[in-house]
Amino acid sequence: MKVAIAAALKILFQKQNCEMFPKSFSKIVVATALALPIVSFNIDRALADDKRDFSIINNTSTALDALYISASGSNNWGDNVLEKSIPSGDSADLHYTGNSSDCLFDIKGVFSDGVETDERQVDFCKVGTYTFHDEDQQPQDK
């Protein structure tokens with residue numbers, strides 16, 4: 001597509017043989033026409049694929065009813081980020097919607113049997129998938 005745009009612009013300028021557009025101007029127009037699709041593609045991709053998007057896999061024997069994610073070291077878990085429970089053996093994809101550029105987060109899972117588990121300092125910039133296992137679960141301290 002880039003080649004077609006450049007060729008069309010070049011032919012247009014050659015056919016018109018117009019002196020009011022110096023060669024340097026035509027080069028700028030061609031370069032801009034070539035760069036715009038590349039820039040817009042990269043911006044769209046960057047917005048769509050945040051490096052902190054990840055999948056949650058529930059490899060436990062019970063449903064994962066709630067998932068809380070907070071900035072690492074925060075004392076506030078915030079709201080449940082799951083739209084619905086993740087059944088045993090199932091998974092869900094989550095899209096990061098925060099405005100922070102941080103990569104380290106704490107993650108807490110609450111299961112249908114009341115068991116809770118958490119892990120601190122999970123690097124979502126490096127981890128694309130987080131898996132819960134039965135052996136990770138600890139009884140909730142009351």
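Within segment 17-28, is even one residue modelled with pLDDT of 55 or more and either assigned by TED's automatic domain parsing to the domain that holds PHE132 or in contact with a helix residue (DSSP H, G or I) (Cβ under 7 Å, 6 or more places away or on another chain) (or both)? Yes - at least one qualifying residue is present in segment 17-28.
Every test in (1) loosely packed, with under 15 Cβ neighbours inside 10 Å; (2) modelled with pLDDT of 75 or more is passed by LEU47 save one, and that test is (2).
Residues checked against (1) touching a strand residue (DSSP E or B) at 6+ places or on another chain (Cβ under 6 Å); (2) part of a loop (DSSP other than H, G, I, E, B); (3) assigned by TED's automatic domain parsing to the domain that holds LYS126:
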| position | (1), (2), (3) |
| --- | --- |
| ASP65 | yes, no, yes |
| TYR68 | yes, no, yes |
| SER74 | no, yes, yes |
| ASP79 | no, yes, yes |
| LEU82 | yes, yes, yes |
| GLY89 | no, yes, yes |
| ASP93 | yes, no, yes |
| LYS108 | yes, no, yes |
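The values are calculated or read from the model by the stated rules, or taken from the named source; none is laboratory data. Predicted, not measured: the structure shown is a model, and the values here were computed from it. Ideal geometry is used to build each Cβ from the backbone, glycine not excepted, and the neighbour counts take in all protein chains shown.
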